[in-house]
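The values are calculated or read from the model by the stated rules, or taken from the named source; none is laboratory data. Values in this document were obtained by computation on a predicted structure and should not be read as measured data. Every residue, glycine among them, receives a Cβ derived from its backbone with ideal geometry; neighbour counts consider all protein chains shown.
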Amino acid sequence: MSAPVNILVIGAGPHTRLNHLPALAAARDAGLAGTVTGVDLPHAAAPVEYGMPGRPRLMPVVAVPPFPVSLRSLPGGVRRVLEDLVERQRVGAVVVATEPSVHLPYALWAIGRGLPVLLDKPLTVHPGASTDPAAAQAIADDFEALLDAYREALRRDPRMVVSVLAQRRWHPAFRRVRELIAEVAEATGCPVTSVQSSHGDGQWRLPDELVDLGYHGFDRGYGKAAHSGYHHFDIVPWWLAAGERPGKEIDEIEVHAACTRPGDFLAQLTVADHARLLPGFADRNPYTEQDLHRLTAGFGEVDVHLNVAYRGRGRVLALGSHSLAHTTFSQRAALDPVPGGLYKGNGRIGQESHIVQQGPFQALHLRFLQTLHGDGDGVDPRAAGGADHIELHVFRNDRLTPGWERHRVLGFADLVEGDGEGAVLPTQRSARTCAVTEFLSHLAGRLPRTELASDLADHRRPARLMAAAYLSMARRHADGRPAAPAVLDFRPTPALAMPAGRALATLGAAR
């Protein structure tokens with residue numbers, strides 16, 4: 001075992017505060033993490049309090065200068081700040097949790113420095129990805145650049161690791177679906193034949209907020225697919241892989257995307273509609289309908305629907321439909337958003353569902369359906385409509401295989417993994433904590449590389465599915481064609497070769 005590793009967190013915004021810092025506080029309490037230091041742009045470089053109630057901790061945040069998102073490597077000034085922190089704080093690992101358009105230079109710096117990386121999702125994105133085909137293609141190219149850097153880092157030090165925080169891989173419900181797929185594939189030889197997935201987060205962004213609120217907005221030329229779409233781009237191929245068998249491997253995808261943009265949203269609910277529905281909006285809003293259409297002309301997608309053909313050897317092995325939407329049922333009723341913008345709260349309500357068909361043998365229906373965001377309304381959070389409501393329906397052909405059960409329903413309690421303080425709950429927060437804990441446990445020598453759930457090398461397919469979604473959107477926007485498919489190679493990354501003759505020891509006190 002080794003001493004706790006000191007962490008450098010790059011990006012200290014609302015996402016980090018909600019998702020990463022609670023898990024890092026728990027890791028510090030467990031002796032897995034040492035000091036936690038943040039960096040952010042000058043306007044956000046203020047200490048951040050985090051930790052359990054009654055046990056507050058303070059993360060110092062050091063300012064780094066902004067730089068153009070077009071850069072693939074960090075400017076000298078930024079690099080010098082980071083290098084100084086690494087030396088002074090004896091940093092042993094890096095969490096990259098910035099705005100995703102600058103993930104690439106920060107991740108490449110850390111990998112090149114030989115620092116283990118926990119990389120947030122999506123891996124990368126580029127301004128104009130939904131309007132410019134070159135920017136969309138760059139998403140796929142970025143993965144190859146990250147992988148090349150990772151290979152080189154492993155050649156120098158086989159203890160190096162890059163893990164991607166795509167937390168659904170640790171979520172007990174998603175893991176159970178994967179196990180059920182693998183079980184039926186092993187018994188029948190049948191892969192997954194179709195997947196219908198949808199996610200809606202109930203974000204109601206008012207017309208003036210489309211322009212004035214940039215956080216998790218659309219002004220950079222991308223939107224929902226980059227905000228939370230990567231979770232679906234990751235988990236669906238992860239499930240499909242569990243059903244692949246020799247001769248039935250997926251090697252290509254064809255993606256057709258249709259999306260709405262702010263101008264479409266303003267046709268669904270006009271400025272006049274908002275003025276009628278929300279008293280005070282007309283007095284606050286400085287923009288006419290024409291202003292808004294002009295100002296948002298190059299903005300990214302609000303909602304996007306994808307139709308995907310997953311092919312192997314020229315044959316369609318599975319069909320997929322993926323609905324990713326901000327414009328869904330919401331509980332927002334207030335004109336002014338709460339402090340922090342629209343990232344969380346403000347009536348946002350999650351709806352997520354997946355229907356997986358495995359030929360004539362199995363159907364899996366996984367649903368997360370909420371009518372409230374928290375548990376402050378006196379509703380049991382695990383009951384139907386509660387914040388933690390979940391159900392997994394499993395249907396199997398019991399006439400073919402009498403040992404199978406025709407239909408069973410697994411709820412929250414059925415999906416909990418483990419017991420006591422070490423139990424993993426079927427919630428996103430618990431899954432995120434698992435992701436951070438697994439990464440740090442590996443660095444501490446408590447977990448072998450073979451048990452890591454989300455190594456970077458396993459993310460070629462998600463990166464290419466995201467790139468294909470944006471390629472189709474961008475081609476449709478650039479060319480005005482009603483159908484603009486994107487076809488990309490979909491083979492997984494070959495196993496990364498380790499240096500011969502060197503022990504694959506986990507990170508120890510040398511860090």
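Things worth noting here:
- Enumeration of residues in segment 212-235 that are hydrophobic (A, V, I, L, M, F, W, C), buried (at least 24 other Cβ atoms within 10 Å of the Cβ) and within 28 Å of residue 453 (Cβ to Cβ): 225, 226, 233
- Flag for residue 295 being more than 30 Å from residue 187 (Cβ to Cβ) and in contact with a helix residue (DSSP H, G or I) (Cβ under 7 Å, 6 or more places away or on another chain): yes
- Restricting segment 42-64 to residues that are part of a loop (DSSP other than H, G, I, E, B) and at pLDDT 95 or above, the residue that is surrounded by the fewest Cβ atoms within 10 Å (Cβ to Cβ): 60
- Subset of segment 462-484 [in contact with an Asp or Glu (Cβ under 8 Å, 6 or more places away or on another chain) and under 29 Å from residue 21 (Cα atoms)]: 462, 463
- Candidate set from segment 1-41 (those that are polar (S, T, N, Q) and not in a strand (DSSP E or B)); member that is farthest from residue 102 (Cα to Cα): 2
- Scan segment 444-477 for residues that are in a helix (DSSP H, G or I), of a type in the set (Gly, Ala, Ser) and farther than 28 Å from residue 126 by Cα and the total you get is 0.
- Out of 77, 92, 13, sole residue that is modelled with pLDDT of 95 or more and crowded, with 17+ Cβ neighbours inside 10 Å: 92
- Looking only at segment 394-443, residues that are aliphatic (A, V, I, L, M), assigned to a loop (DSSP other than H, G, I, E, B), in contact (Cβ under 8 Å) with a residue 12 or more places away in the chain and under 26 Å from residue 117 (Cα atoms) come to 1 in all.
- Of the strands (runs of 3 or more DSSP E) contained entirely in segment 154-270, those carrying at least 1 residues that are farther than 20 Å from residue 486 by Cβ and of a type in the set (Ser, Thr, Tyr) fall at 162-165, 194-200.
- Residue 387 meets the conditions (1) surrounded by 19 or more Cβ atoms within 10 Å (Cβ to Cβ); (2) at pLDDT 90 or above in every case but one. The failed one is (2).
- Of all residues in segment 125-150 being among the polar types (S, T, N, Q) and in contact with a Gly (Cβ under 7 Å, 6 or more places away or on another chain), the one that is nearest to residue 458 (Cα to Cα): 130
- Verdict on residue 70 being within 26 Å of the chain's Cα centre (by Cα), exposed (fewer than 14 other Cβ atoms within 10 Å of the Cβ) and over 15 Å from residue 44 (Cβ atoms): yes
- Condition met for residue 270 (within 29 Å of residue 469 (Cβ to Cβ), of a type in the set (Ser, Thr, Tyr) and under 27 Å from the mean Cα position of the chain (by Cα)): no
- Selection status of residue 125, closer than 29 Å to residue 423 by Cβ and not in a helix (DSSP H, G or I): no
- Residue count for segment 485-511, restricted to those that are assigned to a loop (DSSP other than H, G, I, E, B), over 18 Å from residue 154 (Cα atoms) and modelled with pLDDT of 85 or more: 4.
- Qualifying residue in segment 102-111 (condition: among the β-branched types (Val, Ile, Thr), out of contact with any Lys or Arg (no Cβ under 9 Å at 6 or more places or on another chain) and assigned by TED's automatic domain parsing to the domain that holds residue 230): no
- Scanning segment 1-22 for residues that are touching a helix residue (DSSP H, G or I) at 6+ places or on another chain (Cβ under 9 Å) and within 18 Å of residue 91 (Cα to Cα) yields a total of 11.
- Residues of segment 86-109 that are in contact with a strand residue (DSSP E or B) (Cβ under 6 Å, 6 or more places away or on another chain), in contact (Cβ under 8 Å) with a residue 60 or more places away in the chain and in a helix (DSSP H, G or I): 89, 106.
- Residue within segment 359-369 that is part of a loop (DSSP other than H, G, I, E, B) and modelled with pLDDT under 95 present: no
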